[in-house]
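Have a look at the structure below, then the notes.
The values are calculated or read from the model by the stated rules, or taken from the named source; none is laboratory data. Owing to the predicted nature of the structure, the values given are computational and were not obtained by experimental measurement. Every residue, glycine as well, gets a Cβ built from its backbone with ideal geometry; the counts of neighbours run over all protein chains shown. What goes into the accessible areas is simple: the full protein's heavy atoms, side chains included, and nothing from ligands, DNA or RNA. Shrake-Rupley method; radii C 1.70, N 1.55, O 1.52, S 1.80 Å.
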Amino acid sequence: MTQYFRNSIFLILACLTIIGCEREPDSGSSESGEKDYKYFLLSALGSWPNTVHYMTATNDLTKGEMDITKEGDEINSKGTYSYIVKNGFIYNYKTDQGVFKKFKYTRDRLTTVKEVPFTYISDISSYVWIDDNTLVIVGETGDGQHIRYTIFNASDLSIIRQGEIEGFQPFPNAYNFYSLGAMTYMDGQIYLQFSFRDGKWLTPEYYNFTVIDYQTFKVKNSITDTRSSGVANGSPYFKTTFTKDKEAFYYTCFPRVGAGSSKIYLFRALKGATSPDTGYQINLTDLVGGKPLETVIEYIGNNKMVVLYRDPALGNTYNGRYAIIDIETKQLVRVLNELPGDEPYEQGMFVQDKKLYIAVNTNKEGNYVWIYDLQTDKVTKGMKLPKNISGFARFDKFYD
């Protein structure tokens, strides 16, 4: 009996060891993984609205593999993936729970650091960091007829102040709602792009550009620009603008169907100006040969930006292409043809240390991080990424 008992205990322990080694992403030990990470990836499985997102992270994108069957965390139950990321933390507005959250991804788990009740806006339409600890978010009220702001202290999520932005132009005939675009902060002023819309989400054949005093949140100047309709998407889901060297705000216009031209332009506003730079514009659609652009751009340094577009020559799927554009000469520099055709999701690239990192979802040679070196103009393949997924919802860095 004694020998039988010992053998049984040994068998049970062996089974527990095997189970522990083959854990699923949602059942791991809190001691697994690293305490701190530099980069993260959100992988999407399934199709909308039945999509599940997994978060994985790493400190080295040049080698190794991310495997969501062995590491990471399912994040749908904790918050949306509308992430505002700064200094190693994630900030998120979970609208269905009426809370604003601060997360830390550590030990392969998305952990809540702090959460506070918040229902002042219906959702985050745009945001900007004033400094490393001061976050401004802007959004509409539920009726779509008022624009409010909240300034958070990022350390403890206390509200510094909030209110309604005053002084917008009145609604024109047939348009009774706001459609907010992106914004930035330069030298004491908020620069905000917006438009009007009707109940069917159609917009007039122009957009509006407003300069707001940061201390009072009152409109100092607002103009109508007829060069394009539509606005950039300023929510944390997308990246359709950038601020270069804190001196110039570059933003796109994405016209809605039925609202005039479908071509997408890049405009800019200079620091201290009260209106856009009317002498500056780039027709991005024409630069990529009339092909449809996706809602993501990124400044990569040295007066260069990258845009993502769809190339029908690659087929109906896995047809995403990345192109480098010089924002000073307004010319196409080159297309990153070294990359396989991508099936992009939302935000799948970022820049750090003069390198562009792109998470590519392909059906040809496996999913990988691709690295474009801005100094050498060379492309290399890095870390292997999860396969058999719908797409990469977010690929980003935790630290600037």
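Assorted remarks:
- Ellipticity estimate at 222 nm from DSSP helix runs (n ≥ 4, -39,500 (n - 2.57)) divided over the chain, nearest 500: -2000 deg cm²/dmol
- Straight-distance crosslink candidates among aspartates and glutamates, where the alpha carbon sits under 12 Å from K291 and sequence neighbours closer than 8 are dropped: D311
- Between the alpha-carbon centres of the range 348-400 and the range 194-250 there is a gap of 30 Å.
- Alpha-carbon Rg/Rh ratio, for the range 178-259, with Rh computed the Kirkwood way: 0.97
- Extended-chain gain in nm, criterion 0.36 nm per residue less alpha-carbon gap, E338 and N303: 10.4 nm
- Neighbour-limited loop hits for GluC sites (Glu not before Pro), the range 32-121 (at most 13 other Cβ within 10 Å; DSSP other than H, G, I, E, B): E34
- Using bins of 10 Å that start at zero, the share of Cα-Cα pairs per bin across the range 301-400 amounts to 15, 49, 31, 5, 0, in whole %.
- Degrees between helix 2-21 axis and first principal axis of the chain (Cα, 0 to 90, nearest 10): 20 degrees
- When peptides 160-173, 205-218 are sorted by average Cβ neighbour count within 10 Å, with the highest value leading, the order is 205-218, 160-173.
- Net +/- balance of residues flanking K246 in space, Cβ distance below 10 Å, scoring K and R +1, D and E -1: -1
- The chain - percent relative contact order, Cα under 8 Å, separation 6 or more: 13 percent
- The candidates D198, D73, arranged from most to least accessible area with a 1.4 Å probe in the full protein assembly, appear as D198, D73.
- For the range 382-392, 3J(HN,Hα) per residue [Karplus equation, 6.51 cos²θ - 1.76 cosθ + 1.60, θ = phi - 60°, Hz, x = Gly/Pro]: x, 4, 7, 10, x, 10, 6, 10, 6, x, 9
- The range 102-243, relative contact order [Cα under 8 Å, separation at least 6], %: 18 percent
- Across the range 334-400, the mean sequence separation of Cα contacts (distance under 8 Å, 6 or more residues apart), normalised by length, yields a relative contact order of 34 percent.
- For the chain, the extents of the C-alpha atoms along the principal axes are 90, 48, 38 Å, listed from largest to smallest.
- I68 accessible area, 1.4 Å probe, all protein chains in place, Å² to nearest 10: 20 Å²
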